[in-house]
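These notes concern the structure reproduced below.
The values are calculated or read from the model by the stated rules, or taken from the named source; none is laboratory data. As the structure is a prediction and not an experimental result, all values here were calculated from the model. Methodologically, a virtual Cβ is constructed for each residue, glycine included, from the backbone with ideal geometry; neighbour enumeration extends over all protein chains shown. Please note that ligands, DNA and RNA were not included when accessible areas were found on the heavy atoms of the full protein model with its side chains. Shrake-Rupley method; radii C 1.70, N 1.55, O 1.52, S 1.80 Å.
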Amino acid sequence: MQFWHLNIFAINILQPILDSNGFQLVIHNMGNFLHGTLLTLEITALSVLFGMFLGLLAALLKMSRYKVLSIPGILYIDFFRGTPLFVQILLFYFGILPLVFDATSFEAAVIVCSLNSGAYIAEIVRAGIQAVDKGQMEAARSLGMNNFQAMWHVILPQAYKIVIPPMVNEFIAMLKDTSLVAVIGAEELTHSGRILVSVTYEAAWIWGTVALIYLLLTRALSMLGDYLERRLATE
Amino acid sequence: MITIKNLYKSFGKLQVLKGINCHISPQEVVCIIGPSGSGKSTLLRCVNQLEKPDSGTVNIDGIELTSPNTDINKVRQQVGMVFQHFNLFPHRTTLENITMAPVVIKKTNKAGAQQIARELLRKVGLSDKDDVYPAQLSGGQKQRVAIARALAMQPKVMLFDEPTSALDPEMVGEVLEVMKDLAKEGMTMMVVTHEMGFAREVGQRVLFMDEGLIVEENTPQQIFENPTNPRTQTFLSKVL
């Protein structure tokens, strides 16, 4: 009996959708979507990776006792957190990078997103370091370690566990924010969508598919984040 | 061994040390007692410069710690410290806790450092606990590992900052035993403590501190049986 209902659903609702022009277009252009998705993932992964180095460096600079070090750290973090990523993309692609070298839109996208991500990660790292019990630093220093040795062997290995959940959030945010680099023609997912819409005029289908792909990616990442959090909690 | 002259230290408006002078000879065990807030811990922390004094000097084994030319990290390698809350490294096993400083700072090879660490664990009675993480140890065990960790750098002086105050009563004894052994071996020790029994038995000299000053200092016998200062008398009448 139940199967009979399913049959009605298939014939009256599912079949027309599958036959529709928009759906056929989406299937037909799946290669374009996948190409865009791959580049989105590439830009995101590279940006967060470079962002981690920049972020660690910037966090250590900002926490330094010496003003020559702390002020550059503070300025960098404030600038990239305090201005829109969209503006940063335009500023670097059209304004600053051409003065330095002839960057492709992909290179520009990775550079700007890395700088932006680094600023946010710096604050995540700083919060992580400051969350480690003060006694840990004192114990390390009382044994005769210098500040760097204590950081490297005692503080950072403990901070990284605290830092993982917000780091996954940063990764998710960056994945979504890379859509902005479509404006300079970097061929990521949103850019693929724009091209397809301009050719096919099927805005609902194309943008719907783009949104769905972003959603699947962010869901997968947050599930990975939950898994990591649970694993670290039990360690 | 340790000479402290005219030491002053304030935290903001609160003056914690108001001119401390004292001298500790090699192999001497000095216990510092006094009410909380009297500056005992701060004094101890000034000795290895975890707190920077406002003025005055600390001299260890001929080295002026307060001079800007002194490499404080070098000096701290000679001065072990044991904390009230142990401060073991939770991400490392007990053995790794003990080997870390020699390996990182002195570049001792790992096998050699481990051998020394095992020896130290045996000494504090924890041979079987080399491969466990601090979270799996009781308070008393943690503190004994912390003592072993400090000893791994082969210090000339050991500072104890209320080493038994965070322990359950039944675990105080095992830590004090380790400290007694250390004293017998001739380690120079400065011990901030509320354990009057330990101060009486092991201390060669007792300093009584109140409101940022050393009010009275004498042998344990004199301090505990014939305290001369009224503030010492009041304090002891409350704790004994």
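In a fully extended conformation the segment linking residue A:3 and residue A:183 would gain 59.9 nm over its present Cα-Cα distance, using 0.36 nm per residue. For chain A, modelled as a GNM whose springs connect Cα atoms under 10 angstrom apart, the maximal fluctuation among A:66, A:93, A:160 occurs at A:66. Per residue, the average separation of C-alpha pairs within less than 8 Å and at least 6 apart gives chain B a relative contact order of 27 percent. What you get for region A:140-201, charging only the Cβ of Lys and Arg (+1) and of Asp and Glu (-1), is a dipole of about 260 debye around the Cα centre.
Measuring nothing but alpha carbons in region A:1-150 and taking Rh as the Kirkwood radius, the Rg to Rh ratio lands at 1.27. Checking the cross-link pairs B:106/B:184; B:13/B:142; B:74/B:123; A:67/B:156; A:67/A:134 against a 32 Å limit on the alpha carbon distance flags B:13/B:142; A:67/B:156 as lying beyond it.
Of all DSSP bridge pairs formed entirely within the protein assembly as shown, close to 55 percent run antiparallel.
Residue B:61 exposes around 80 Å² of accessible area when a 1.4 Å probe is run over every protein chain in place. Of A:23, A:110, A:64, which is farthest towards the positive pole of the protein assembly as shown's charge dipole, taken about the Cα centre with +1 and -1 on the beta-carbons of Lys, Arg and Asp, Glu respectively? Value computed over the given set: A:64. Largest first, the extents of the alpha carbon coordinates of region A:34-234 on the three principal axes equal 69, 46, 22 Å.
In the protein assembly as shown, the DSSP-assigned H stretches of four residues or longer account for a calculated mean residue ellipticity at 222 nm of -18500 deg cm²/dmol, using -39500 (n - 2.57) per stretch and the full residue count as denominator. This model, with +1 at the C-beta of Lys and Arg and -1 at the C-beta of Asp and Glu, gives region A:34-234 a dipole about its Cα centre of some 720 debye. Residue by residue, region A:3-16 carries 3J(HN,Hα) couplings of 5, 4, 4, 4, 4, 4, 4, 4, 6, 8, 10, 5, 4, x Hz when phi is fed to the Karplus relation 6.51 cos²θ - 1.76 cosθ + 1.60 (θ = phi - 60°); x denotes Gly or Pro. Other residues within the sphere of radius under 14 Å centred on the Cβ of residue A:192, judged by their own Cβ, net out at -3 (K and R +1, D and E -1). When you restrict to C-alpha pairs under 8 Å that are six or more residues apart and normalise by the size of region B:175-218, the relative contact order lands at 24 percent. For the segment B:81-91, counting C-beta atoms of other chains within 10 Å of every residue's C-beta and taking the mean gives 5. Taking springs between alpha-carbon atoms closer than 10 angstrom, which of A:180, A:54, A:18 fluctuates most in the Gaussian network model of chain A? Of the options given, A:18 has the highest mean-square fluctuation. Highest GNM mean-square fluctuation among B:111, B:148, B:183, for chain B modelled with Cα contacts below 10 Å: B:111.
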